[in-house]
1. I'm trying to understand the selection: among the residues of region 205-223, which are polar (S, T, N, Q) and within 14 Å of the ligand (Cβ to nearest atom)?
2. Which of the residues belonging to region 23-49 are within 20 Å of Leu116 (Cβ to Cβ), buried (at least 20 other Cβ atoms within 10 Å of the Cβ) and not small (Gly, Ala, Ser)?
3. Does any residue of region 24-42 turn out to be more than 13 Å from the ligand (Cβ to nearest atom), hydroxyl-bearing (Ser, Thr, Tyr), over 19 Å from Leu85 (Cβ atoms) and in a loop (DSSP other than H, G, I, E, B)?
4. Can you find, within region 67-79, the residue that is surrounded by the fewest Cβ atoms within 10 Å (Cβ to Cβ) among those that are of a type outside the set (Gly, Ala, Ser) and in contact with a helix residue (DSSP H, G or I) (Cβ under 7 Å, 6 or more places away or on another chain)?
5. Being assigned to a loop (DSSP other than H, G, I, E, B) and hydrophobic (A, V, I, L, M, F, W, C) is the filter here; which residues of region 57-98 pass it?
6. Would you point out which residue out of Leu202, Leu192 is within 16 Å of the ligand (Cβ to nearest atom), part of a strand (DSSP E or B) and not hydroxyl-bearing (Ser, Thr, Tyr)?
Amino acid sequence: MSGLIAERIAKIRRQLPPQVRLMAVTKQVTVEAIREAYAAGVRDFGESRIQEAQAKLVHLQDLPDIKWHLIGHLQGNKAKKGLELFQWVHSCDSLKLALRLDRLAAEMSLQPQICLQVKIIPDPDKYGWTVPELLADLAKLDQCDTIKIRGLMTILPLGLSQDESLAVFEGTRELALAIKQQNWSNIKMEELSMGMSADYHLAVQAGATMVRLGHVIFGERST
Ligand SMILES: *Cc1c(COP(=O)(O)O)cnc(C)c1O
C-alpha cells in the first residue's frame, strides 16, 4: 500500500478545526482503500447507494466501531434496508421519507441519526426541501420521536462562484439557527453536514460540523 490515502487524510485533518467530523465518502472505492482510511483513524464513512454499501459492508464486519452515513437519495422501498446498514441518514429529503423512517425505526428498535436535506436556492436537479417547504413541514417532523433529527444537510448547486457558494453555506447555517430558535421538542439543530472535496474550506468557514470528502481522499472516481 502506498500510504497515499493516509497522507491525504493527515493533511486534511491538519486543516480542519478539531470539532469538525471528517466523513470519508467511499462510493466506487475499494474495500482495501476503506481499510486504509480506517487505519488512518477515520471512523465515519459515507455511501450513496444501498446496494453498493451492502456489498462492501459484508467485508468490513470486523471493524465494528465504524459509523456508516447514507448520503444519497433513499427510495421508500429501500428504507428498511437503509436503516439496517446505516446509523446516519443525511439524505432525508421529504416528510414522507421522514415519517417512514420514524415508523420503521420504531419497529426495528433503532434510533437513526437524521439530517434534513435542504436547498437554500432552488435546484430542480436535486432532492430535498426548499426553505419554505421545510418550514411548513417542521411541526409534523417534530412529531417523529424515534428518529433523531440532528441538523441540516446541503449540497451546492453546480456552477456557483466562491461567493455564491459561501452564501449558500451561510444560508444553511442561518436556517438551522432560525429552526433551533423555534424550540421544537424532537428537532435538534446541532449538525451542519456540508462541504465536499471542491468546497469544504468554504463550508467549514460557514460553520460545517461534518464534511463529506471523496476524491480529495481517494483520488478521482472513474465516472
Ligand atoms: C459523492 C458525494 C460526496 C463526495 O464528493 P467528492 O466531490 O468526491 O468529495 C459528498 N456528498 C455527497 C452527497 C456525494 O454524493
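Each value in this text was obtained by applying a stated rule to the coordinates, not by laboratory testing. Remember, predicted model here, so these are calculated numbers, not experimental data. Cβ placement follows ideal geometry from the backbone for every residue including glycine, while neighbour counts extend to all protein chains displayed.
1. Ser222, Thr223
2. Within region 23-49, Met23, Val25, Glu47 meet the criteria.
3. no
4. If we take residues in region 67-79 being of a type outside the set (Gly, Ala, Ser) and in contact with a helix residue (DSSP H, G or I) (Cβ under 7 Å, 6 or more places away or on another chain), then Lys78 is surrounded by the fewest Cβ atoms within 10 Å (Cβ to Cβ).
5. Once the filter is applied, which keeps residues that are assigned to a loop (DSSP other than H, G, I, E, B) and hydrophobic (A, V, I, L, M, F, W, C), region 57-98 yields Val58, Leu60, Leu63, Ile66, Ile71, Leu74, Phe86.
6. Only one candidate passes the filter, namely Leu192.
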